[in-house]
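Read the structure below first, then the notes.
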Amino acid sequence: PRGPRREGTVRWSSAAKASAVKINEKASREKILTLESMNPQVKAVEYAGIKKPFTEVIKANIGDAHAMGQRPITFLRQVVALCTYPNLLDSPSFPEDAKKRARRILQGCGGNSLGSYTASQGINCIREDVASYIERRDGGVPADPDNIYLTTGASDGISAILKILISGGGKSRTGVMIPIPQYPLYSAAISELDAIQVNYYLDEENCWALNVNELRRALNEAKAYCNPKVLCIINPGNPTGQVQSRKCIEDVIHFAWEEKLFLLADEVYQDNVYSEGCQFHSFKKILYEMGPEYYNNVELASFHSTSKGYMGECGYRGGYMEVINLHPEIKGQLVKLLSVRLCPPVSGQAAMDIVVNPPVPGEESYAQFIKEKESVLNNLAKKAKLTEDMFNKIPGVHCNPLQGAMYAFPRIFIPSKAIEEAKAHKMAPDMFYCMKLLEETGICVVPGSGFGQREGTYHFRITILPPVEKLKILLEKVKDFHIKFLEKYA
């Protein structure tokens, strides 16, 4: 007879133990998924970043505004809170204009809940608000909600449109023209999709301007080994911070029209313009103003996000893309592709709605909203100038004007002795420099080789997001490190 047994214990017979040993022996068979058997395109993907050898560092390597201490915009958070917990709609603590927007968004959701799936293209009323925003931004240029696709951040839209564009094999494989330096999402997506990366270089000597002659050189060389049919522009630039002039955008559009290229305009930093004499011009607006021959023919996808600007709401993963002149049959294919991921995060869609549908004059929240928005942008402009000025006082460092976005991309002189030591460690010289900076100061920045740069030049990208006083200390530390680095390897 069995004796009493405590809850949760199991008695094993010798036969059961022997059987378990055999099962364990079988369990140690070779893994199906190894580095050798995995998808080689995923292995080829690189995304700029540095392994951090200690627990606490000054993370100046990523554009994560709130992590750096930026305060959320009150109105945006109020509306998302109301949408998330509708019981708050009865609370006197929330302004009526926030409640009005929350009710509009909730009425567009199944069961009046953010917890329901939405249409794969996004909530209809939010797409209508995006279209109205684009029309206001572009001085009355019409925008059709049916051409708007809400996305999981801008990255999701960029990846989706690249996925549908890429085809062919061998010399007919799709070539995607990207700026160098570039935001590594592009090289990563191109690698993952097994497309061909076609580099065109921004002109560092001319404040990272885009030169059409350089586009033409890159295109003509690429035609020997692929079919270049996509041209990506980042404006304002990441990591380079330049704001493209109207004339430059006209030249690019004419080039795309002439060479039959599909344009991708990454415009997520459109609110981040700081330098006097610089202004953001959307590709859509300039395309329209160039006349019907261009506006009715050039295929353009443009992207925006909640993650940058004055909002800095990276974690909500809100974004949209507008695609114009898409073939009607391809529209259906794009919606089909997007429906595989069901829908973008619905709280992110709600956050995007507040970016495109903020308080207006006469509404209760307008004064506070404008004050908070201008405070963030004025602060960023001050930090952009401070960063540029401080870098240009360091011997062996040159930094172009930070016209927009939220990074500096200074060029650094690395002595030949340091280059030799980097080679001995099988590292790119600027990676070696950035690792030394991290080890000696705890400041984490991204080497220029993570973004691409002209042969023989070295850079790093640093965000300007820390609070002003912390940024000054950070830049002083970089200065002290750089001078010691030059002395050591002179």
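The values are calculated or read from the model by the stated rules, or taken from the named source; none is laboratory data. The model shown is predicted, which means the values in this text are computed figures rather than measured ones. So basically every Cβ, Gly included, is an ideal-geometry build from the backbone, and we count neighbours across all protein chains shown. The area values use the complete protein model at the heavy-atom level, side chains included, leaving out ligands, DNA and RNA. Shrake-Rupley method; radii C 1.70, N 1.55, O 1.52, S 1.80 Å.
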Scan the stretch 47-75 for residues that are at pLDDT 55 or above, part of a loop (DSSP other than H, G, I, E, B) and open to solvent by 70 Å² or more (accessible area, probe 1.4 Å) and jot them down.
-> Ile62, Arg71
Can Ile233 be described as closer than 27 Å to Tyr320 by Cβ and at pLDDT below 90?
-> no
Looking only at the stretch 209-224, decide whether some residue is part of a loop (DSSP other than H, G, I, E, B), over 20 Å from Ala384 (Cα atoms), in the same structural domain as Val298 (by the TED database) and within 22 Å of the chain's Cα centre (by Cα).
-> yes
When you scan the stretch 326-400 for helices (runs of 4 or more DSSP H) that lie fully inside it, which ones turn up with 2 or more residues that are basic (Lys, Arg) and either closer than 30 Å to Ile412 by Cα or open to solvent by less than 70 Å² (accessible area, probe 1.4 Å) (or both)?
-> 366-391
So, of the residues in the stretch 142-158 that are more than 29 Å from Glu455 (Cβ to Cβ) and part of a helix (DSSP H, G or I), which turns out to be modelled with the lowest pLDDT?
-> Gly153
Pair list, Cβ < 6 Å and 6+ apart or interchain, from the stretch 75-95 residues that are under 14 Å from Val346 (Cβ atoms) and polar (S, T, N, Q) to residues that are open to solvent by 10 Å² or more (accessible area, probe 1.4 Å) and assigned to a helix (DSSP H, G or I) | none
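Table: residues versus (1) in contact with an Asp or Glu (Cβ under 8 Å, 6 or more places away or on another chain); (2) in a helix (DSSP H, G or I); (3) buried (at least 16 other Cβ atoms within 10 Å of the Cβ).
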site	(1), (2), (3)
Tyr433	no, yes, yes
Lys436	no, yes, yes
Glu440	no, yes, no
Ile462	no, no, yes
Lys472	no, yes, no
Asp480	no, yes, no
Ile483	no, yes, no
Glu487	no, yes, no
Using the structure shown, decide if Tyr274 is assigned by the TED database to the domain that holds Gly115 and closer than 21 Å to Leu380 by Cα.
-> yes
Got at least one residue in the stretch 113-123 being part of a helix (DSSP H, G or I) and either open to solvent by 10 Å² or more (accessible area, probe 1.4 Å) or over 17 Å from Gly309 (Cβ atoms) (or both)?
-> no
Going by the conditions given, is Val252 assigned to a loop (DSSP other than H, G, I, E, B) and among the β-branched types (Val, Ile, Thr)?
-> no
